[in-house]
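Below: the structure, in structure tokens.
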Amino acid sequence: GGHLNHAIFWTNLSPNGGGEPKGELLEAIKRDFGSFEKFKEKLTAVSVGVQGSGWGWLGFNKEQGRLQVAACSNQDPLQGTTGLIPLLGIDVWEHAYYLQYKNVRPDYLKAI
């Protein structure tokens, strides 16, 4: 799980990234969460709520044809534990943010 989760995480990061997605992804986010802002709020809340180490995720529920936010503990992979197809993963282990954000996980998530 550690290798898989980090491979997704590193692929998602970009020094010039940020802002709203475009096209089909934005439309799906609006459909399933109401707005991009509401999606960010939900993903942040789920990710902040991880006790100890783990991951916050945006995944696709293939059976329902909808996007979902989920969290996994430790290095548990999203698809293997929930069946969701991972689209965006956020590492919320302290090692991912401590040097820059100390123990203020919400500031790290806001920057992501």
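The condition of being touching a Pro at 6+ places or on another chain (Cβ under 6 Å) and either within 19 Å of W10 (Cβ to Cβ) or of a type in the set (D, E) (or both) holds for only one of L78, L87, L109, that being L78.
Residues in the range 95-112 that are more than 13 Å from V48 (Cβ to Cβ) and either crowded, with 17+ Cβ neighbours inside 10 Å or charged (D, E, K, R) (or both): A96, K102. Residues in the range 78-92 that are open to solvent by less than 60 Å² (accessible area, probe 1.4 Å) and of a type in the set (A, V, I, L, M, F, W, C): L78, L84, I85, L88, I90, V92.
A quick yes/no check of all residues on (1) touching a helix residue (DSSP H, G or I) at 6+ places or on another chain (Cβ under 6 Å); (2) among the polar types (S, T, N, Q); (3) at positive phi; (4) not in a loop (DSSP other than H, G, I, E, B):
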{"site": "S14", "(1), (2), (3), (4)": "no, yes, no, no"}
{"site": "G17", "(1), (2), (3), (4)": "no, no, no, no"}
{"site": "P21", "(1), (2), (3), (4)": "no, no, no, no"}
{"site": "L25", "(1), (2), (3), (4)": "no, no, no, yes"}
{"site": "T44", "(1), (2), (3), (4)": "yes, yes, no, yes"}
{"site": "E63", "(1), (2), (3), (4)": "no, no, no, no"}
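The values are calculated or read from the model by the stated rules, or taken from the named source; none is laboratory data. If you're wondering where the values come from, they're calculated on a predicted model, not measured in any experiment. Because the Cβ atoms are built from the backbone with ideal geometry, glycine has one as well, and the counts that use them run over all protein chains shown. Note: accessible area is taken over every heavy atom of the protein model, side chains too, but ligands, DNA and RNA are not part of it. Shrake-Rupley method; radii C 1.70, N 1.55, O 1.52, S 1.80 Å.
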